[in-house]
Every structure is written in structure tokens, then in C-alpha cells.
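Reading through the C-alpha cells given below for one structure.
Just so you know, all these numbers are worked out from the coordinates, no wet-lab data involved. As the structure is a computational prediction, the values presented were derived from the model and not from experiment. Because the Cβ atoms are built from the backbone with ideal geometry, glycine has one as well, and the counts that use them run over all protein chains shown.
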């Protein structure tokens, strides 16, 4: 199996469990508190992985730290909104709608990073949006 596919599948399965555990947690605690606990533990897991790989913590590109911080801001806003959505609605709806983040990422990739967009990409995104709409509603 392709290494990228294997890692992505591990990520998908782990995030599936994360969504269910987050839903359960927000039934009896504030969504922002559940998010803080979840992400604090996640940082610990990432730290262990960093130690295992022997990776430099900050890398060698100083601008990357700022970009990573911006990613953290976006992730934090998204996570708070996601956890709040879990608290007030069904996990299936909250999870499938927030899973559309890839549509935003694809659009930004084209607009900001100059990545190419093929007709098959547009068709795939449209099919995913329809699938999410069918699941969520």
C-alpha cells in the first residue's frame, strides 16, 4: 500500500473515533473545555511522535513558525465551532458538514497557491458536496 494512503487511512479512522469521543464529551461538558482537553492530549501525542522521529521542533524556516501559528488560529476557531455544533446537534450532521473543509482548502489552493484545478477535481468536489448534503440532511 502507498505510504501516503496508509497514513491518510490511519488519520481517517483516528478522526472518526475523535468525532465520536468529542460528541460524547460535549454531552456533559462545555465544548470549549472538551476541545482544550482533546487538543492538549493531541499535543502530547504529537510531541511523542516528534521525539520518536527525532525531528527538530521548529525546523529551519523562521517564517514557517508564523504560518504554523496562523494554522493554529484557524484550527482553534474550527475546533471550537465543531465542538459547539456537536453539543447542540447530531454528530452525523456536525461531522459531515465540517468535513467539507477540503472544499475550502481546494479553493484556497487554487486561488492562493496557484495549484491547478482539473475538471475531474471540480466534479469530485461537487459529488462530495452532494454526498455531504445527503448525509447531513
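Which three extents, in whole angstrom, do the alpha-carbon atoms of the stretch 6-137 cover along their principal axes, largest first?
Here the spans come out as 45, 43, 27 Å, largest first.
Rule-of-thumb check for the stretch 1-80: C-alpha Rg over 2.2 N^0.38 Å?
Against the compact-globule rule of thumb, the ratio is 1.29.
Between residue 135 and residue 61, what is the spin-label point distance in nm, taking each point 7 Å from the Cα along the Cα→C-beta axis?
3.1
Going by how many other beta carbons lie within 10 Å of each one, how would you line up 96, 55, 26, 63, fewest first?
Fewest-to-most ranking of 96, 55, 26, 63: 63, 55, 96, 26.
For the chain, what does the helix formula give at 222 nm: sum of -39500 (n - 2.57) over DSSP H segments with n ≥ 4, over the residue count, nearest 500 deg cm²/dmol?
-27500 deg cm²/dmol
Could you work out how far the C-alpha centroid of the stretch 19-52 sits from that of the stretch 92-119, in angstrom?
Answer, in whole Å: 24.
Go ahead and run the numbers for FRET between residue 24 and residue 117, Cβ-Cβ distance against an R0 of 30 Å, rounding to 0.05.
In this case the efficiency is close to 0.20.
List the relative contact order of the stretch 3-89 as a percent without decimals, with contacts defined as Cα pairs under 8 Å and 6+ residues apart.
Relative contact order, the stretch 3-89: 49 percent.
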